[in-house]
1. Step by step: first the residues of region C:157-181, then only those that are facing chain A (nearest Cβ under 7 Å) and under 21 Å from residue A:77 (Cα atoms), then the one that is surrounded by the most Cβ atoms within 10 Å (Cβ to Cβ). Which residue is that?
2. Just to be sure before I move on: is residue B:238 within 12 Å of another protein chain (Cβ to nearest Cβ) and within 16 Å of the chain's Cα centre (by Cα) in the structure I sent?
3. Would you point out which residue out of C:209, C:140 is polar (S, T, N, Q), in contact (Cβ under 8 Å) with a residue 24 or more places away in the chain and under 30 Å from residue A:89 (Cα atoms)?
4. Pick out the one residue from A:183, A:166 that is polar (S, T, N, Q) and farther than 17 Å from residue A:89 by Cβ.
5. If residue B:52 satisfies all but one of (1) more than 21 Å from residue B:151 (Cα to Cα); (2) in contact with a Phe, Trp or Tyr (Cβ under 8 Å, 6 or more places away or on another chain), what's the number of the condition it fails?
6. Mind counting the residues in region C:76-110 that are more than 10 Å from chain B (Cβ to nearest Cβ) and either part of a helix (DSSP H, G or I) or modelled with pLDDT of 95 or more (or both)?
7. Write out, first by first residue and then by second, each pair whose Cβ atoms fall under 7 Å of each other, whose residues are 6+ apart or on separate chains, and whose first residue, in region C:14-25, is within 17 Å of residue C:157 (Cα to Cα) while the second is in a helix (DSSP H, G or I).
Amino acid sequence: MAILEVKNLSKNFGGLMANRDLNLEVEEGEIRGVIGPNGAGKTTFFNVISGVYKPSGGTIKFDGTFITNLSPDKIAELGAVRTFQRVALFPNFTVLENVNIGRHLHARETLFGAVFGMSKHMEIENLEKSRKIVDSLGMTEHQDELASNLPYGLQRALNVAIALATEPRLLMLDEPVAGMNPTEKAEMTRIIRLIRDEMGMTVMLVEHDMRTVMNLCDKITVIDFGEKLAEGLPQEIRENKDVIEAYLGAEDIVA
Amino acid sequence: MDWPTFIQSISNAVILGSIYAIVAVGLALAFGVMQMANFAHGEFFMAGAYVVYVLYALGGMPFPAAVISAFPIVAALGMVTERFVFRPTRGNVLAGFMATAGVAFILQVIVGQVWGVGLMRSVPTPYMGAASILGAQMSWQRLIILPSTLVMVGGLWFFLHNMKLGKALRACAQDVEAASLQGININKITALSMAISGGFAGVAGALMAPINAVTPYMGHSIIVTAFIVVIVGGMASIEGSILAAFILGFIHTFVTTLFDAVLATMAGVAFMAIILVVKPTGLLGRVRM
Amino acid sequence: MIRYLTALAVLAGFAIMPEVIGEYYVEIMILFMINLILASSFRLITTCGDWSLSHVVFMGVGAYATALLAKFLGWPFWGTVLLGGMASAVVGLAVVFPLLRTKGFGFFIGSFALGEFVRLIWVKFHFPFGGPRGMIGIPSIELSDIDFYEATPYYYLVLLFTIGCLAVLYRIDLSRTGRVLKAIYADEDLSKCIGINVARYRAMAFSVSAFFAGIAGVLLAHRLGAIDPKNFDVNTMVYLVIWVVVGGVGSFWGPLIGVAVMMLVGEAARPLAEWRPLLFGGILIAFLTLLPGGLDSLMSKVRELLDRRTADGTKEN
């Protein structure tokens with residue numbers, strides 16, 4: 001069953017067609033890569049699916065439900081969560097607290113409960129789950145550090161941890177390895193594989209780093225000028241003439 | 001409403017709209033150039049009124065000279081405010097706005113202590129008598145506001161579109177970084193904007209001195225209206241401010257005539273709230289509040 | 001441990017204060033504590049990043065509610081204080097709803113406009129609000145045999161309410177709800193994308209803070225015995241802003257420190273008479289241009305320095 005069905009998706013910014021008639025289906029349990037030259041409309045695509053932008057046309061179905069014009073928090077509630085290209089975290093909280101805030105969807109607190117300290121049970125559970133996520137991402141030794149003090153690579157990992165805390169069915173990663181050195185990239189690749197293999201989530205990622213994409217993804221969709229250029233297995237994409245042409249001159253298409 | 005009252009109301013509305021326009025244009029200019037929201041704009045208006053009180057009522061200077069003097073004097077106040085309040089808080093609209101509340105307090109106290117609080121200073125009317133237009137009586141004192149508004153707003157328009165410094169101002173309002181890359185001295189522009197902004201408020205107050213009661217707190221009512229006008233018009237839009245000024249002048253005048261002044265203010269405030277919800281950028285604006 | 005002892009010491013100090021200071025100062029302390037509730041409830045809104053210029057109007061809603069209920073309907077105190085708070089919370093919801101489309105400066109100005117609209121209702125309608133002259137003859141509180149007309153019993157009543165309100169606000173700040181508000185302030189987009197309904201939380205913070213402002217208003221009304229719309233105008237609001245800016249909103253205690261410092265300054269500056277607002281205006285400008293984080297931020301800088309000084313790794317606490 002396709003967990004994500006995008007049909008004829010368009011996004012118009014006052015004359016600029018950032019996304020044009022995009023069609024895409026992601027199967028549950030897949031790791032899907034979305035690539036394309038700079039300015040192709042990949043992040044716009046993510047922004048539309050996650051509800052940050054409203055589409056100008058087309059429909060989006062997640063897990064059988066239409067999410068086309070829903071707000072980002074509703075979409076997250078349904079199980080589709082995205083990370084940001086920029087470092088997005090809560091700077092004045094520790095790593096563990098950051099992940100714990102991500103448990104929001106699984107921590108119903110009423111005002112009364114807030115004042116009288118009810119749901120202590122749930123809080124202990126949530127803290128445990130947060131700790132497990134921090135562990136699985138290899139950040140245990142940093143868990144009490146302020147998020148703003150972390151090195152860049154760990155901050156990007158924290159982004160993923162916060163998203164994982166929501167227990168999503170679909171995780172959308174926006175350039176997860178941007179600006180990372182080879183070690184950090186390898187670590188992030190391991191984490192993404194773990195997310196699919198051990199946590200059973202579907203992953204969709206936008207990336208420029210070809211090696212990572214080719215290694216990691218089951219299937220790749222290529223976007224150029226807001227339209228779908230090609231789609232298929234990594235091997236097919238690597239040899240696709242149109243894709244090579246779109247990237248002509250770019251150094252990242254090293255095999 | 002009978003015909004004479006109707007005509008009277010229309011003419012009152014036009015005059016009121018004109019004053020609103022002068023005040024609001026000043027506010028919109030400062031905000032458009034560098035997001036300087038001046039809480040003390042009403043006190044600048046008040047300062048202009050006191051300039052006329054001191055120079056004309058106490059000092060015997062001819063009325064037109066006193067009104068014109070209000071411009072440079074209050075412009076100077078504007079520049080001081082820019083230098084010591086807006087420049088240090090540049091980038092933080094709220095901080096600048098809150099800090100100018102302090103400026104408002106300071107001006108109220110100084111004026112009140114030097115020229116007295118409590119008793120309303122009345123400025124003798126320089127132009128007695130009225131003209132009869134289409135059956136309505138308009139005092140000359142009020143009528144002179146119309147050409148004054150035209151001169152000031154027209155003059156500003158000319159300045160912004162045909163003079164180098166004015167064009168630099170508009171460039172800064174559009175894109176600060178690009179403007180500074182072109183070699184425009186941003187600090188000079190912000191100082192100039194606040195000077196013009198203050199000058200406009202001052203002249204409006206000066207023109208109203210013989211009409212309104214001159215007290216240190218006369219700025220209170222004008223500041224609420226000024227911000228309503230500017231928000232309805234679109235925070236940084238001068239054309240929007242002028243349009244909104246007349247719309248609100250009409251609302252205020254007609255509601256006051258039909259009901260009372262309190263309800264008129266409430267109507268203005270409610271109108272602003274509706275605009276904020278329905279079209280947050282204002283009637284002609286682009287800046288999202 | 002030290003914290004608990006300090007807290008106990010402070011509480012004990014407050015408890016015996018009326019015995020030690022004169023009646024004039026007891027009245028001042030009553031106002032001081034009411035302002036503590038006002039400032040702390042204001043801080044709740046700023047936690048998620050919204051600054052409001054309508055907060056004192058909600059104090060007014062509580063004040064007018066209790067005045068009307070007690071004077072015209074003869075309601076007892078416990079009824080009016082509860083309804084005063086609820087009325088403020090409800091009006092707060094009505095006011096914040098259209099504001100949710102704005103933020104920052106737009107929210108500030110919009111909140112002022114809507115607050116002013118509410119306040120003008122009191123100015124306009126002589127019945128039942130008394131118009132510009134307001135309401136007089138607000139009955140004093142009657143509970144068992146204690147005469148709350150006197151300053152000292154009223155002091156203890158307000159002290160109890162202040163402790164209660166501040167305790168609740170403190171608990172909210174420490175709770176998950178408090179953390180969500182801070183998260184919204186830190187990164188609204190991220191908060192939305194992890195399932196936080198930002199609008200709902202902003203509205204809740206605004207409404208709850210209005211509730212406490214209403215309680216403060218009830219306590220004020222029964223002390224003054226008379227209220228009018230000028231008690232809750234923009235002038236008063238600016239004073240609240242000054243307290244909060246001076247104290248800082250970074251920590252829960254910031255605004256409370258701000259109220260304390262500024263009330264001390266106000267008392268010390270009494271000889272200045274009509275020049276006082278000038279001093280306050282100058283202080284506001286000084287803080288916003290030189291120390292925008294308030295005294296709070298000074299404290300954290302000092303704490304940081306102390307933390308760094310203990311070079312052998314043990315942390316000062």
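The values are calculated or read from the model by the stated rules, or taken from the named source; none is laboratory data. What you see is a predicted model; the values in this text were computed from it and never measured. We place every Cβ from the backbone using ideal geometry, glycine too, and count neighbours over all the protein chains shown.
1. Restricting to residues being facing chain A (nearest Cβ under 7 Å) and under 21 Å from residue A:77 (Cα atoms), the top hit is C:180.
2. No, not satisfied.
3. The unique qualifying residue is C:209.
4. Step by step, each of A:183, A:166 is checked, and only A:183 is polar (S, T, N, Q) and farther than 17 Å from residue A:89 by Cβ.
5. Only one criterion is unmet by residue B:52, namely (1).
6. 19
7. Correct list of pairs: C:14/C:159; C:17/C:29; C:18/C:26; C:18/C:152; C:18/C:155; C:23/C:151.
Conditions tested, residue by residue: (1) at pLDDT 95 or above; (2) under 30 Å from residue C:66 (Cα atoms); (3) out of contact with any strand residue (DSSP E or B) (no Cβ under 9 Å at 6 or more places or on another chain).
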{"position": "C:192", "(1), (2), (3)": "yes, no, yes"}
{"position": "C:211", "(1), (2), (3)": "yes, yes, yes"}
{"position": "C:229", "(1), (2), (3)": "yes, yes, yes"}
{"position": "C:234", "(1), (2), (3)": "no, yes, yes"}
{"position": "C:238", "(1), (2), (3)": "yes, yes, yes"}
{"position": "C:262", "(1), (2), (3)": "yes, yes, yes"}
{"position": "C:278", "(1), (2), (3)": "yes, no, yes"}
{"position": "C:282", "(1), (2), (3)": "yes, no, yes"}
